[in-house]
Structures are given as C-alpha cells and as structure tokens.
Amino acid sequence: MKKILSFILAGAAAALTMSSCQKEVAPAEPEANVKTVHFNAVAPSTKAVLGEKDGTSYPTTWSANDTDVKISLNYLAAKDATMTPSADGASASISVDIEEPNPTPESYTFYALSPASACVANNAQYKSWTVEFPTSQTPGTKTPDESAMILAAVSESFEAMPTSSVNLSFSHVTAYLDFSILNLKEGVEVESIDLTFGTNVAGRWFYYPEDGSLSVNSGAASINLATSSTENLFVAVAPVAASLLGGTQLKVTVNASDNTQLVKTVTLPAAAAFVAGKVNTLKVDFDGIGTTDADIYTKVTSYDELTAGSKVIIAAAGATGFAISTTQNANNRAQTAVTKSEDGTQIVGPGDAVEIFTLEAGTADNTVAFHATTTAGYLYAASSSSNLLRTQEENDANGSFAIELGSVENGDVVVAQGSNTRNQMRYNSSSSLFSCYASGQAPVSIYKLAGTGSGEPLIVAPVEYSITIDDPQNGTVTASASTAFEGDVITLTITPAEGYTLNVLTVTNATTSEEIEVTNNKFTMPASDVTVSATFKEKGNTPTLQYTLDGTQSDQGTNGYATNSEITQNGIGWIAVANTTINPWRFGGKNLTNQDRAVYSTTAISSDITSIEVESGTATATVNSLTITVHSSAADAAAGSNAIATKSVTTGITSSTVTLTKEDSTADWSGKYFRIVYNVTCGSSNQYVQLISAKFYGVN
C-alpha cells in the first residue's frame, strides 16, 4: 500500500552547536488507505545559509532557494521532496510519497540528506549515502555556497509506520573554512580563486549516517571559488583529520580578469583539521606577490593545431566550466572546475586538478592518443556494454580517437576507433563526470596551450567540396555532407525534376581534372575539392511491366529429377536447372542440404529493366535463401558469375514478394540476362518450393 509521508520541519539551530527546537503540527485527515506521518526537524533540512555570528556559533536558517531534499526509508531508493520554509526561515514543511516496503520490514528508520543535489546515490547494503562536495563553489556574504552545505538526519527506529510526529535531528556533514586574502596587489580585479590542498577535500565521498564517518570514493584536492571578493569566503569542505591535513601545503591561486595570476603556497599548521560543523579561519598574506601570465588554453578550431606534443585539456563544450580532472575513477574521469572566457573559447589558468594531456599519434590511421600527464597513461573506451573511460599503460585502437572539430557551442566529436562500441567521449552533467557512451550526454571540446606541439597534423583535415550542375533546371544533386576527410565515401542523392531522369553523372577532381569513378552514386573523396556534373533527360514512360516469367504455365520442358528444362515464354529462353516439375514450376529434390536450384535466361530482355519482383508459393522444402542477380552475358547468367546487381533474402520468401531494384539511376539494364536461385534443404522424400512468377518492370 502506498503511503503519503508528510515531513513537517520546524525550528532553527546554530550551525555549529545544533541546539534543538520543535514545533508540533496537527495531522491532516488521511485519505482512504493512506497514512500521513508528520516530522519535526530540529535543525535545517535543505539548502541553508549562515546568519551573523552569535558568540561562538553561526545560526543556520532555511533558504527559499532550490529547497530540495532527499528522503529514504531504511536506505531504500531515496525520494526527491520539496520543502517550503516559513517567511523567517525558522520552520518549514515537506511531504513525499514513499511506498510501503515489501516484504514488511522489522523496523522503520528515515534518513534525510540536504541538498538533494549533493546526493549521488544511497546504498542499503552498506548503509551509506554517496555525497558530492562541490569542486566549484560560489560563496555568499559570510556564508557558504548553499549547494555545498550538506546536512543529514536520522530518525529513531519504529516497529511500524509511525502515526505521530517524528523528530529528525539534522547535523552538518560538511566542515567550513573562513578564508581571506590579505594585502593583495593593488589594482587586481579578482575573477576566481583556486584552493589546492595536499589531500582530498572535495569530490565524491561515502557518508555513513549511523556514526557520521566518511571515506573517499573519488575525491578532489582542488576547489574553485567563483567570486570577486577576497574576504570572509566561507568554503565548504569534507571533514579531514589532522593526520592527513596538518602540515600539508595549500596553494592559493588568484585568477585576475586580465588573464594573469597571483600564486602563494603556505604550509598548514600541524594540528590543522576539518571537523564537520566547525569553522576554521585562515588568512593568507599576499604582500609582495606579483602577477604572472596565466596559461591560456584555446578551443581547437583547425586540424593543423592537432600536432604531436600538443598540450590539451578536454572540457565540457560551451560555457560549462568543467574539465577532465586528474582523478581517474574506477570507470570514468571526475570533473573539476575551470575558468572559461565569457564566449567559452578559452580556459584561463587551469588549476592543478585539471588533467593536461599530451597528444600522440593513435594506433589507427588519422587518430590521436591522449596521454595523461598526472596519471601517466592513455585514455581509452573500455567497454561495449558499460559506459567506461579508463587509463591504460600501452595504447591500442580503443585509445585512438578520431576527431571531428565543431563549434564552441556544439563541441567536438571524439570517437575511439577500436572494437569497443561505447566509444564517444562525452560529459555527464548529472553525474559530474566524463566517460564514453554509445549515444547521449553532452559533447566535449578540446583546448590547446599555444606554442606546444610541432610537426605534421595527426589528423588530416576534412576537405570542403563544391557541387556544380550542368543542367540544374531539370533536377538537383546533393551530397551527404558539406565536408569530408580524404578517403571518405561520399553518397550523392539524385533528385530529378518531375518527368525527368538522370542522363549523365560525373565527378571530377578539381585539382587534377581527372574523372573519379562513381558506383551506385558513391565515390571516394580525394585530397581536394571535387566538381559534380549532372545532366537530365525526359523519362518518357514511367516503369511498367515489360515481361512476365509465369511459373504456373508452360507446355514445354521436362518433368523429373536431375533434369534441366529448356523453356521459352514470349520470345525469351530460360533454363530451369534440375529436379523440377513444370506447370506449376517446383524446385527441389530429396536428400539435399543447402542445394542451389536455379532458373536463368538464355535470351536478353531488351527493355531497360528497373526492378524484378519474384513471387514464391507453396514450399515443402526448407527454403534457406532466394537470390536474384543481373548479368551482362548469357554465360555469366548460366554460371552465376560477375553479377552487376544482387538481391538475396533469407526470410519471408514464401509469404511476400522479393524485389530487386536498380539503385544506380545511371545504370542501363537493357539487353541484360537474369538469374533466380533458391537454396533448399530437402528430406528423404521429394520436397520443393514453387515459383509462381517473376515480373520485370522497366522503360521502353
């Protein structure tokens, strides 16, 4: 039975001391078969802000911004819930639908996590949440980024679904750093600040509500602060013990609006630790620190830039400020924040958490390999069944990527050329990671550090080609793309005007003036532009029935096993090969396995045939396939050699008509010979398949 659980959140608490308060709310009248359970929260339950410091603590009030929270019963799949805070932020209410577990549990315990965006997953087996401490934060005035303030609560345990108010006592999962920069060089306009610690302080962590402990999943050591301020920046961090944090170095990078940086590295005190619900204060003196030019990576727009030794960053396309980080997870790459120019064309001063790749030639033709600087390996698409992006020591085709450069907004197409089919490198914004996919997710872009790399491009640029038409008023010719790489197969689409058909189609190398072979409207792109010329002619009659080979009638031929029947119908000679009966025509025999039984013409059909329809009837044999072919000579038709067109099917042979259509509109099938072959398997007694008719359509 579904139950509607209404969480009533009330009371304000000091962020660091968590003093409690309660507010009872009268239960609403339940609907039939619905139980309404009320909750009283004794601390904030969703995105929150810190008020003015009061003695030794900062009071926490609920924010009206994006008030989503996750609620789980017994660590089962967490549900999204929306809360409504009161005008003063001192109380709030929330409701969420939760299914009654099946089977009925021994006890009922409720778990809450705020904000919902911090929740990556929850796990009933390990009794944990997977939480994300943001690597990109926008601190407010003396308060952390609301999306970075993570709070959690655990209710008491009940033997049955509670019918009265339940207390949820929230506590801070995050620790906080009140950070300030002193004596910054005069005139510096701050655009962002990067804090790079000597240990993981952000990223993904496992949180265990039962005891409040955490362990790293895929952590990050750097946090980017999107702010122009330098004082009282409240940074939300993961709790870290002094044994890991104390005595390590912190690198502070100030990114200025003129693409310069100021960098200072300090050593943290030996006793330094980040404790959940506590605020540490740190002031870094930049007196005497001058500016240096920041490294600027620019969106690659030309294949000439993709040279061996080029230093590149792989980032989300457009204005999205995340790039592949130095953290290689088990199955993917974590994201890390970067500062992009307003138009998205540049990444300015990437922090230490951004992975810098060196381009090398891939193992497949016309591909590149991304060799990671920090993790010392090659990115590769690792699976055909899962979305994996891993790092390997020795490269192969799965780590060799073909690249199609695109715009800043649309990004680049980056596809591994190995056997693994989940091979498109993409950005997963909902999971905050980069991986390889068969489809979907967001595109990536490649950014290069100017002055790096040399030699010939690793990828040959696509060729832009032009199309000209000799007789455009009677039809059009278009191509499958406006650009192509050398060696690509280009398909031309021929669209004659009504009443016209294609007369002559030629493709010429625009540089050498040599004619290029065209087969079925397809040609191979040379290393230059091409010129496509076409002329059209009046169709005359539309394709009509020109000839019928009637398999239900004949006064000629021989019935019997292992005989060939010579037949003439309407002036065209045919031979039906072995094991036939005539009127009706039956092809088969006995004790046969995968045996061909054919009928072929010995006289050419003069009309320009455009399609052949073969209708089959009763079959007592197993019909493995039906093949229709077109030949230029009687000898080829008899031998089944040198077919100029073929249609073969293995299903639906006796239940529908099988049609071979001339795909190349420039081909001339007048004066051609035709062959129809059944492949059959027959038992110990005589079995067969019946040919009803073969109809030939064309123009006179």
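The values are calculated or read from the model by the stated rules, or taken from the named source; none is laboratory data. The shown structure was predicted, so the numbers you read here are calculated from the model rather than taken from an experiment. As a convention, Cβ positions derive from the backbone with ideal geometry for all residues, glycine included, and neighbour counts pool all protein chains shown. Keep in mind that these areas ignore ligands, DNA and RNA; they rest on the heavy atoms of the full protein, side chains included. Shrake-Rupley method; radii C 1.70, N 1.55, O 1.52, S 1.80 Å.
Here the Debye sum runs over all C-alpha atoms of region 265-323 as equal scatterers in vacuum, and log10 of I(q)/I(0) at q = 0.15, 0.18, 0.30 Å⁻¹ comes out as -0.83, -0.89, -1.35.
Choose one of Ala241, Ser228, Ile193: the residue whose Cα lies farthest towards the positive end of the charge dipole of region 166-241 (beta-carbon charges +1 Lys, Arg; -1 Asp, Glu; about the Cα centre). It is Ala241.
Within the accessible surface of the chain, defined with a 1.4 Å probe on protein heavy atoms only, the carbon and sulfur portion equals 44 percent.
As a calculated quantity, the FRET efficiency between Thr478 and Val649 at R0 = 25 Å, using C-beta atoms, amounts to about 0.25.
Based on C-alpha pairs under 8 angstrom that are at least 6 apart in sequence, the chain has a relative contact order of 8 percent. Partners of Lys672 within straight-line reach, counting aspartates and glutamates whose Cα lies under 14 Å from its Cα and excluding those fewer than 8 residues away in the same chain: Asp608, Asp636. Taking the DSSP beta bridges with both ends in the chain, the antiparallel portion is around 95 percent.
Per residue, the accessible area of the chain comes to 43 Å² when a 1.4 Å probe rolls over the protein heavy atoms.
Modelled spin-label separation between Asn102 and Ser385, with each label point placed 7 Å from Cα along the Cα-to-Cβ direction: 2.9 nm.
Pairs spanning more than 30 Å between alpha-carbon atoms, out of Lys251/Lys299; Lys127/Lys278; Lys70/Lys340: Lys70/Lys340.
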